[in-house]
Structure formats: C-alpha cells, structure tokens
Amino acid sequence: MQTVRFVFFCLWTAIWAGPATANAADDALAASQALQDAAEQLDRAQSAKDRVKALTETVQAYEQGLVALRDGLRRASIREQALTKELDTRQGEIAALLAVLQTMGRAQTTTLLLHPLGPTGTARSGMILSDVTPALNAKTEQLKSDLSEVATLRTLQESAVDTLRNGLEGAQSARSALSKAITERTDLPKRYIENPVETAVLLASVDTLDGFASGLSQIGGGDKESLPELSEVLGDLPLPVAGTILRKYNEADAAGIVRPGLLIATRPAALVTSPMAATIRYSGDLLNYGNVVILEPATDALLILAGLDTVYGDIGDVLPAGSPVGLMGGSIDTTDGNLTKTLQDSGLSRTETLYIETRLGSDTQDPTTWFTDIRE
C-alpha cells in the first residue's frame, strides 16, 4: 500500500507540474526550411526582371533565416538539457512507477479492485484509479512527445553545422550576385550630377561629420521643390539594418564622447538599405567614420549611415525605398569549429557597428522619431 500511495503522489505531482515549454524543435525546423526557401529564391532572382530588388529580398531572407536558425538551435539545446535533467532527477520515481505497473499487469483485474477495508475501501480505490488513469494516459502521451522532441533536438543539433554552412554560403552568393547586379544597373534616375570639385573642397575644409553634413546641405542637390516634405516620410520607417542599439541619441560612450545619433550593433556582412525613397548625396570614405552614405529623403533632411564596409550607388542616384546602399564589414569562418561556436554563442554575430544620424536643416534629430522598430 505504501508503494501504491507513493505512485499516486508521483502521478498527481507530475499532472500538476504545469505545461511543457514551447517546442524549440519546431522553430529550428522552420528556420531550416526558411533557408531552403531562400536558396530557391536565389535561383529565381538571377533571372528576375528587377534583379536588384529580387536579390535584396533574397539576402534579407537569408539573414532572417540564419538569425532564426541560431536562435532556434540555441533554445533547442537549452530545451534538451532541461528535459534530460528532468528525467535524470526523476529516475527513482519512474522506476517505482514501472515496478507498480508491472505488478498491476501480472495481477488479475478483480484482485486489483479488492481492498483490505472491504467494499468501502474498494469503492474509494476504484474512484482514485478512475481519476488517475486519464491523467496517467495524458502524462504517458506527454512523455512520448518529450522523448520524440529530444530525438529531434539531437538530430537537429547534429546536422546544424551543415545547415548553417550552407546558409552562410548561400547568403554570401546572394550578396555577390547583388553587388554584380548593382554594378550593372543602368535604370536609376538621377536628380543631379555630382560636382566633384565642390565635394573635394568641402572634404578638405571640414574635420567633423557635423561640418560636412552642414556644408553638404548648402551645395548641389538639384531641385529641392521636387522632394517631399519630411512629415510625409516619417513615422513608419524601418531601421536601415537589423541589429540592436548599443548607444542612444546623445548618450556618452565609455570615453565620455557624446554623438547625436544611434550606434547599432549588427551582424557581419549585414545588408544596409534605404528605409525610404531618397537621393544619394554622398557615398564613400569620410573622416574617421569609414565608408559613409548620406541620403536626402526630403527637403532639408539628411540620413547619415556611417561605418559600412562596402557602399553601393553613385552620388545623385534616386533610390526607391528598400534599396541596398551597402554591406557591413566582418566575416564568419565556415570551418566546423567556428560554426559550432556560432551556434552556441547567441551574441557572437553582432560584431559590427553602424552609426545612424538624422538631420533636419542644420540640427540633428533623435532617430527614434524617424524609425518605428527600434530595439535594445
């Protein structure tokens, strides 16, 4: 009787322990499928009418799939460890339960229903069994599901290196194809033709980003009346790159330096796009900011993107919203050891930084008033 009571206690404890955590295996499998879809999308993009747009969407699909895969596999590893630990801690309980079930399986049903306290005890035992049996069946099904999940999680983690390598190589192929398509593009309208002398004189006469941006707003730029008003483009803009905020507007860094913009941590080789239709006012190396792209989306408004490794487009080009303007630097080694580290370290990939500054006239603006998907 003591053993039976202990089993009943274990059963009710398991029943009321609460639902299992979300199935991380499903998310990881979905991410793997997304990368396969991106590979098919890359094949279609090569012959698309607007190759730049199609390849831009392909690169973004790869980036999103890789992020989801890393996150899914990381959570899958955590989930597997939790399930394994739970089973290890419940070995005694499971052994006792199996022993009782074996005894019940060998005994006749009529004998099992007898109770030393007579008919009343037998009735009570029957009521307990009738309550416990459905819950036991449910718990058995849950255990089967958990064991199946563990097997899936382990299979996913074993094949993760190949999946990630293929995804990274596919993403790099898409980026290379995009760069080639942009080089061959000839259909972009121009709002004005750059005056290289004016640009060179401005570069030689300033030593700050603020000075360059202020001077840029005073030269060239074509017909200002053809540009939309700022109010028409703000309020629902995506960030130019996927990432997280390292420093906010006018927030000092470790050295006490304050900059009137956002510093975004991004993944290596991340694609940077124009969040709105805009004219390229400047593209190239600038001061100590690395490669910089300055966009003019509206009258007297500038969007400055600094710290890129590769820049696309020429000064004067008019870009549609979502057009690629460059790539971040950095790379990921596709050897097995580094890929394994990539899967295990959720923070590994955000090793590059993009500086974003927004300006209206001669004044800087808080970029959070321009973009709606700010994440920290």
For region 56-70: of the residues being of a type outside the set (A, V, I, L, M, F, W, C) and touching a strand residue (DSSP E or B) at 6+ places or on another chain (Cβ under 8 Å), which is most open to solvent (accessible area, probe 1.4 Å)?
Q60
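I'd like to know if region 323-340 contains one or more residues that are open to solvent by 40 Å² or more (accessible area, probe 1.4 Å), modelled with pLDDT under 80 and under 17 Å from L239 (Cβ atoms). Step through it out loud before you land on a result.
From region 323-340, those open to solvent by 40 Å² or more (accessible area, probe 1.4 Å) are 330-338, 340; that's our starting set.
The next check asks that each one be modelled with pLDDT under 80; those that pass are 331-338, 340.
Filter again for under 17 Å from L239 (Cβ atoms), leaving none.
No, that holds for no residue.
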Among (1) assigned to a loop (DSSP other than H, G, I, E, B); (2) open to solvent by less than 50 Å² (accessible area, probe 1.4 Å), where does D207 come up short?
(2)
Are any of the residues in region 344-362 part of a helix (DSSP H, G or I) and modelled with pLDDT under 90?
yes
What do you reckon, is S217 out of contact with any strand residue (DSSP E or B) (no Cβ under 6 Å at 6 or more places or on another chain), touching a residue at least 12 places away in the same chain (Cβ under 8 Å) and hydroxyl-bearing (S, T, Y)?
yes
Qualifying positions in region 288-307 - open to solvent by 10 Å² or more (accessible area, probe 1.4 Å) and modelled with pLDDT of 90 or more
Y289, G290, N291, G307
Mind checking whether some residue in region 35-55 is under 17 Å from the mean Cα position of the chain (by Cα) and either open to solvent by less than 60 Å² (accessible area, probe 1.4 Å) or at pLDDT below 50 (or both)?
yes
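Determine which member of the set E169, E229, E184, E198 is among the acidic types (D, E), open to solvent by 70 Å² or more (accessible area, probe 1.4 Å) and under 22 Å from the mean Cα position of the chain (by Cα). Full working, then the answer.
Details: E229 fails: under 22 Å from the mean Cα position of the chain (by Cα); E184 fails: under 22 Å from the mean Cα position of the chain (by Cα); E198 fails: under 22 Å from the mean Cα position of the chain (by Cα).
Unique residue meeting the criteria: E169.
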Are any of the residues in region 249-261 modelled with pLDDT of 90 or more, at positive phi and either open to solvent by less than 40 Å² (accessible area, probe 1.4 Å) or touching a Pro at 6+ places or on another chain (Cβ under 7 Å) (or both)?
yes
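The values are calculated or read from the model by the stated rules, or taken from the named source; none is laboratory data. Given the structure is predicted, the values throughout are model-derived calculations rather than measurements. In this analysis, Cβ positions are derived from the backbone assuming ideal geometry, glycine residues included, and neighbour counts consider all displayed protein chains. Only protein heavy atoms, including side chains, enter the accessible area calculation; ligands, DNA and RNA are left aside. Shrake-Rupley method; radii C 1.70, N 1.55, O 1.52, S 1.80 Å.
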